[in-house]
1. Answer with one residue from Leu147, Ile3, Ala132: the one whose Cα lies farthest towards the positive end of the charge dipole of the chain, charges on Cβ with Lys, Arg +1 and Asp, Glu -1.
2. Evaluate the distance, in nm, between pseudo-label points positioned 7 Å from the Cα of Thr40 and of Arg54 along their respective Cα→Cβ axes.
3. Return the calculated 222 nm mean residue ellipticity for the chain, to the nearest 500 deg cm²/dmol, obtained by summing -39500 (n - 2.57) across DSSP H runs with n ≥ 4 and dividing by the residue count.
4. Which of the chymotrypsin sites (Phe, Trp or Tyr not before Pro) found in segment 127-157 are loop residues per DSSP with 14 or fewer other Cβ atoms within 10 Å of their Cβ?
5. Using Stokes-Einstein with the Kirkwood hydrodynamic radius over Cα pairs, what translational diffusion coefficient do you get for segment 16-136 at 20 °C and a viscosity of 1.002 mPa s, in µm²/s rounded to a whole number?
6. Would you please name the GluC sites (Glu not before Pro) within segment 1-97 that are DSSP coil residues with at most 13 other C-beta atoms within 10 Å of their C-beta?
7. How about segment 102-149: which trypsin sites (Lys or Arg not before Pro) there are in a DSSP loop, with at most 14 other Cβ atoms within 10 Å of their Cβ?
8. Does anything in segment 95-119 have its amide N under 16 Å from the 7 Å Cα→Cβ label point of Lys66, and if so which residues?
Amino acid sequence: MVIMIAANIKIRPARNEDIESLTGLLEELFTIEADFSPDTSRQSAGLRLLLQKRDAVILVAESGGKVVGMCTIQVVISTAEGGLSGVLEDMIVARDARRQGIGRALLQAAESWAEERGLTRLQLLAESENEAALAFYFKMGWQGTGLVCRRKFLSGPRHS
Ligand SMILES: CC(C)(COP(=O)(O)OP(=O)(O)OC[C@H]1O[C@@H](n2cnc3c(N)ncnc32)[C@H](O)[C@@H]1OP(=O)(O)O)[C@@H](O)C(=O)NCCC(=O)NCCS
């Protein structure tokens, strides 16, 4: 899947050689989001795992040969839908590339990827205070929900 959105801007699946650029974007994202902290080695490890998974994708926005945006989708089973749904995460466009339609194109590509695989719903988590992101998702047709997120870290090598 490669989608051209302008002469020099395209959306495509990520490759191994994108990991360094993507880690830079995630560093910016996890600096914005209070629930997370940037950690290059963890982000690289997570990206490498995503690249190996058949039912997941990292979508990259490339402008003039430079990676300027990304999002990821992972497939899960929804008993509510009785089928496959997708978790969209890691949505970010580099600061100097915003408001040019790149976020829109990433979400449209995410929807196409999901629909091609028979997914009936996508969902995401956003910070309640991230008004720019919430306005963006609203504009893109994503509905609000009454759900809130809870998490629990488990003992293990990464979080013990
Ligand atoms: C949210 C984000 C991904 C949007 O990406 P983008 O490339 O700037 O979005 P687009 O240019 O495709 O915008 C699509 C529409 O969304 C709306 N929108 C985008 N950014 C907006 C903002 N800051 N405030 C209000 N509406 C916004 C606009 O209506 C826009 O259409 P318009 O430009 O014709 O008015 C980008 O601002 C970003 O990376 N933010 C920091 C990371 C982040 O918060 N990620 C979300 C984590 S949940």
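Each value in this text was obtained by applying a stated rule to the coordinates, not by laboratory testing. Just so it is clear, the structure is predicted and the values come from calculations on it, not from any experiment. Neighbour counts are summed over all protein chains in view; Cβ atoms, including those assigned to glycine, are modelled from backbone coordinates with ideal geometry.
1. Ile3
2. Those two pseudo-labels are separated by 3.4 nm.
3. -10000 deg cm²/dmol
4. Filter output for segment 127-157: Phe153.
5. 143 µm²/s
6. Glu81
7. Arg117
8. 95-100, 102
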